[in-house]
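All remarks here apply to the structure that follows.
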Amino acid sequence: MKKLSNRMRAIREESELTQSEIAEKCDISASAYGQIERNPCNSSYNTLLKVANAMNVSLLYLIDVESREKI
């Protein structure tokens with residue numbers, strides 16, 4: 001899931017948000033968000049949904065469903 005991890009970081013950086021800012025919007029600690037960004041596979045659906053909302057993107061965009069469908 002390195003691709004999802006990289007995508008999360010890229011979206012966050014494009015939005016000019018820090019990990020702490022995303023964490024605050026998700027109502028989690030900055031260290032918890034850091035773990036999510038490094039290893040999103042261990043995250044629940046609800047947590048990933050909160051992250052997507054905090055980044056102002058859909059969950060489908062965050063997990064890049066379109067590119068998966070082309071494979």
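Please treat every number below as a calculation from the coordinates, not as lab data. A quick note: this is a predicted structure, and the numbers were derived from the prediction, not measured. Cβ: placed from backbone, ideal geometry, glycine included. Neighbour counts: every protein chain shown.
Hey, among the residues in the range 14-23 that are part of a helix (DSSP H, G or I), over 11 Å from the mean Cα position of the chain (by Cα) and not small (G, A, S), which one's nearest to Y61 (Cα to Cα)? Full working, then the answer.
First, pick out the residues of the range 14-23 that are part of a helix (DSSP H, G or I): 14, 19-23.
Going one step further and asking which of them are over 11 Å from the mean Cα position of the chain (by Cα), we end up with 14, 20-21.
Now restrict to residues that are not small (G, A, S): 14, 21.
Details: E14: 14, E21: 20 Å.
Filtering first and then ranking leaves E14.
Would you say I28 is under 10 Å from the mean Cα position of the chain (by Cα), of a type outside the set (F, W, Y) and surrounded by 15 or more Cβ atoms within 10 Å (Cβ to Cβ)?
Here the answer is no, as I28 does not meet what is asked.
Any chance you could count how many residues in the range 24-36 are assigned to a helix (DSSP H, G or I) and either of a type in the set (S, T, N, Q) or farther than 21 Å from K2 by Cβ (or both)?
Residues flagged as assigned to a helix (DSSP H, G or I) and either of a type in the set (S, T, N, Q) or farther than 21 Å from K2 by Cβ (or both) within the range 24-36 amount to 6.
Do you know which of the residues in the range 39-62 that are part of a loop (DSSP other than H, G, I, E, B) and crowded, with 19+ Cβ neighbours inside 10 Å is farthest from the chain's Cα centre (by Cα)?
Residue satisfying both the conditions and the ranking: S43.
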